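Read through the structure below, which is laid out as structure tokens, and then see the notes.
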Amino acid sequence: MNGFHIHVDALELGTSYERLLVHEMGFWRSDFEGHPEGQDGFEPPHHLTLKCSDSKQFRTAFDNVVAAAAERSDSIRGYIEGEFVASDELIPWKPFDQSIDVPWTLELGTLDPDQFRESELHITLGREGASPELVRALHRMGLFSAYLRKPFGAAQVFTVQGRRADIAAVAPSLRQFLCDAGGAPHCSLMEERVAGWWTSTSDVRLPPVVKKIDWNG
């Protein structure tokens, strides 16, 4: 389902600003629950979400959230992202097939100051019943992940970010890999394209982006 999401991703979040977000703007906390041991983690300790049904509602809400952050010196240390949900597809369950090879591996790197990603893919799957081999394969491909609570229970969210062209290049083969390999309960693949962003300072640490795609075969 198409729509818009606004996320406040903060290393530090002022009490009065959070109160404004939650009680006046309609945000709710959707905090992550850490990331796998031995893997790099990029999830912020404070993660608040607002969903908007159309572009007009999104633009008004995004501008208000950013303006409120900019006028309060102690509001947030972190970033605000506005995203358009370009696609959100359920992946049917099947047992894991270890004969299916990964389509590519990624080399990731950091963004330059005052830059932001253009798009991203999220794979969400249920932790209970997920194939450990699939989880290892997704990490080996270069996706990073974090744990999150969903209505169905504990989930793991895998992410790849970067230029829109790079995300468009890897999305079809990632979808095919998930369908062919299986092993992912409650699985969905979502693309979110950036429609607006703001950072508290130019040196805020942002998640890594695709620098190179090494295709298999």
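Read-outs: derived from the displayed coordinates by stated rules, not from any lab. Since the structure is predicted, the reported quantities are computational estimates derived from the model, not experimental observations. So basically every Cβ, Gly included, is an ideal-geometry build from the backbone, and we count neighbours across all protein chains shown.
Listing for the model above:
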| read-out | value |
| --- | --- |
| Cut-off 15 Å between beta-carbons: net charge of the residues surrounding residue 140, Lys and Arg +1, Asp and Glu -1 | -4 |
| Prolate/oblate/rounded call for region 80-153, Cα gyration tensor, a/c under 1.5 rounded | oblate |
| Centre separation in Å (Cα based) which lies between region 60-94 and region 140-154 | 19 |
| Amide H contacts of residue 150 (H built 1.01 Å from N, under 5 Å, at least 5 apart or other chain) | 155 |
| Cβ-based net charge around residue 7, under 14 Å, with every Lys or Arg adding one and every Asp or Glu removing one | -4 |
| Over the chain: Rg over Rh, Cα atoms, Kirkwood Rh | 0.97 |
| Coil-residue GluC sites (Glu not before Pro) of region 54-104, DSSP, other Cβ within 10 Å capped at 16 | 71 |
| Residue-span extension gain [residue 94 to residue 70] - 0.36 nm each, minus C-alpha spacing | 3.9 nm |
| Relative contact order of the chain, pairs being alpha-carbon contacts under 8 Å that are 6 or more residues apart, as % | 31 |
| Residue-wise HN-Hα coupling along region 131-146, computed from phi with Karplus coefficients 6.51, -1.76, 1.60 (Hz; x: Gly, Pro) | 6, x, 5, 5, 4, 5, 5, 5, 5, 5, 5, x, 6, 9, 9, 8 |
| Qualifying trypsin sites (Lys or Arg not before Pro) in region 164-203, DSSP loop, other Cβ atoms within 10 Å at most 12 | none |
| Chymotrypsin sites (Phe, Trp or Tyr not before Pro) restricted to region 121-217 and DSSP loop, no more than 14 other C-beta within 10 Å | 152 |
